Amino acid sequence: MRRAFLVALALLSAVGGPAAGDAGASRPPLLAGARALDVTPPVGVPLAGYGGAGRRLLIPDVLNRYPSAFWFKPSTGAHDPIMARALVLQWGERRVLWIAVDLVGPDGEMVPELRERLAALGLRYDAVILSASHTHSGPGGFSRSRLFAFLALDRFVPRVREHLLGGMAQAAEEADRIKAPARVGVGRGEVKDVIRSRVGLPLDPEVGVLKVVALDGRPIALLWNYAIHGTVLGKENLLLSGDVMGAASLELERALGVPALYTNGAGGDVSPALRGWPGVRQTADTLAREVLTTWRRTPVQRESELRAVSDRLRLPPPRLSLRNCLGRWVPGWLTVGVGWGFPSQSEMVGVAVGASAWVTVPGELQTRLGQAVKAEGRRLFGDAFVVGIANDYAGYFLTAEEYARPSYIACASLYGEGGGQIVAARAMEILGRLRQRGEGR
């Protein structure tokens with residue numbers, strides 16, 4: 001009897017033991033692929049970001065002298081390339097595409113159009129993030145919005161949009177094709193002296209780094225996050241450029257030999273401390289040095305999961321506060337509806353990979369709100385980061401206190417005193433759902 005029991009136990013161990021022991025080994029590997037592509041449009045495309053006299057034509061081009069410009073002066077050349085960088089992450093059947101591009105901001109139709117192009121190639125993703133660097137020296141002419149055309153982008157030029165979207169799709173396709181088993185690590189650094197507050201409040205000097213490497217340790221991609229405005233180059237500049245973020249990413253790519261995807265943070269009240277081409281070089285050097293230092297000291301995890309959540313952000317009807325634009329002497333109730341030019345809903349995306357979580361915002365979030373979102377994310381995950389100006393652009397999102405103070409950023413905050421809190425609360429909800437999805441696996 002005892003011998004029969006021992007034989008049965010041995011048979012059960014032989015059959016059941018490896019299956020139980022392989023529970024971890026059977027988990028799918030994380031796959032990653034990345035590609036950087038030059039998508040610089042032809043010379044003559046106007047620059048986007050500044051609406052003032054320095055960039056505007058004295059008389060709009062009613063005589064059709066310029067093939068790609070109407071309201072604004074055409075670009076005179078390219079100082080550095082306009083880049084589209086793609087990172088594809090896959091874990092089992094879960095797939096995420098991240099595009100970082102040197103633009104002032106995306107419009108809400110770009111992600112659906114990009115998805116459609118990629119679906120025609122057989123590429124589908126649980127989440128797509130289109131993250132703009134917010135350079136104010138990137139190309140204009142890519143948006144169908146007549147309001148944004150007049151304010152800062154110039155009139156819609158179909159071939160410019162086609163050039164940019166086609167480049168993004170190509171970068172994504174090539175990144176997807178070269179996916180390989182990967183490991184990730186997340187690190188944090190700090191750079192203080194290259195930014196200043198627009199409103200006299202403390203800023204967030206944190207640099208976030210997602211390190212993506214092959215199983216043998218070779219770099220695959222770098223995803224980095226820092227809150228700064230792409231206005232080191234002023235409105236007098238007429239050369240296409242990725243501004244300081246583009247310069248830093250190019251420096252990082254020279255050092256690591258792989259795509260360096262920049263993502264802006266909660267930078268609604270953040271300006272660069274230095275200006276002009278010397279400011280670009282000095283600030284880019286400082287940022288790149290800290291990102292590389294953080295990369296080198298960041299360990300990678302042996303195993304990493306991938307989760308993603310996409311949701312709709314619903315906002316109050318957008319209205320322009322004349323008091324916030326003109327001064328305190330204007331009655332607070334005097335507003336102008338701008339629902340014809342700005343969205344009342346948009347997409348927000350949350351991605352958790354390894355020990356980090358990333359949540360997008362379709363505009364420029366104030367530092368204080370961004371820090372609240374990050375604090376909640378770090379309660380749920382090891383690290384959390386806000387990715388601003390992603391998947392859409394709906395202006396500035398401020399605290400109620402800052403909205404009540406007439407200023408440029410309050411003028412461009414279009415969803416009332418509660419708009420910023422609505423966005424921050426939804427970001428926290430998405431982070432919570434990411435956490436629940438991990439616990440429910």
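The values are calculated or read from the model by the stated rules, or taken from the named source; none is laboratory data. Everything numeric in this text was worked out from a predicted model, so none of it was measured. So basically every Cβ, Gly included, is an ideal-geometry build from the backbone, and we count neighbours across all protein chains shown.
Here is the figure for the stretch 348-395: residues that are over 15 Å from the mean Cα position of the chain (by Cα) and assigned to a strand (DSSP E or B) total 3. Return yes when VAL309 is buried (at least 18 other Cβ atoms within 10 Å of the Cβ) and assigned to a strand (DSSP E or B) and no when it is not. Considered against the rule, which asks whether it is buried (at least 18 other Cβ atoms within 10 Å of the Cβ) and assigned to a strand (DSSP E or B), VAL309 comes out as yes. Tell me, yes or no, whether the stretch 90-102 has at least one residue that is modelled with pLDDT of 95 or more, buried (at least 24 other Cβ atoms within 10 Å of the Cβ) and in a loop (DSSP other than H, G, I, E, B). Yes, the stretch 90-102 has at least one match. Of the residues making up the stretch 56-67, just one is modelled with pLDDT of 95 or more and touching a Gly at 6+ places or on another chain (Cβ under 9 Å), namely TYR66. Checking ALA260, ALA248, ALA255, ALA221 one by one, the residue that is over 27 Å from ASP392 (Cα atoms) and under 23 Å from the mean Cα position of the chain (by Cα) is ALA255 and no other. For the stretch 260-292, filtering for residues that are in contact with a Gly (Cβ under 7 Å, 6 or more places away or on another chain) and among the acidic types (Asp, Glu) leaves 1. In the stretch 206-218, which residues are out of contact with any Phe, Trp or Tyr (no Cβ under 8 Å at 6 or more places or on another chain) and either surrounded by 18 or more Cβ atoms within 10 Å (Cβ to Cβ) or acidic (Asp, Glu) (or both)? Result: VAL212, VAL213, ASP216. Just to be sure, is PRO331 assigned to a loop (DSSP other than H, G, I, E, B) and more than 27 Å from VAL101 (Cα to Cα)? So PRO331 passes the test.
Taking first residues from the stretch 425-438 that are in contact (Cβ under 8 Å) with a residue 24 or more places away in the chain and partners that are of a type in the set (A, V, I, L, M, F, W, C) and assigned to a helix (DSSP H, G or I), the Cβ contacts under 8 Å between residues at least 6 apart in sequence or on separate chains come to ALA427/VAL373; MET428/ALA372; MET428/VAL373; LEU431/VAL373; LEU431/LEU380; GLY432/LEU380; LEU434/LEU380; ARG435/LEU380. Taken as a whole, the stretch 166-187 holds at least one residue that is surrounded by 21 or more Cβ atoms within 10 Å (Cβ to Cβ), among the aliphatic types (A, V, I, L, M) and out of contact with any strand residue (DSSP E or B) (no Cβ under 8 Å at 6 or more places or on another chain).
Given the criteria surrounded by fewer than 19 Cβ atoms within 10 Å (Cβ to Cβ) and in contact with a helix residue (DSSP H, G or I) (Cβ under 9 Å, 6 or more places away or on another chain), does GLU113 qualify? Spelling it out, GLU113 is indeed surrounded by fewer than 19 Cβ atoms within 10 Å (Cβ to Cβ) and in contact with a helix residue (DSSP H, G or I) (Cβ under 9 Å, 6 or more places away or on another chain).
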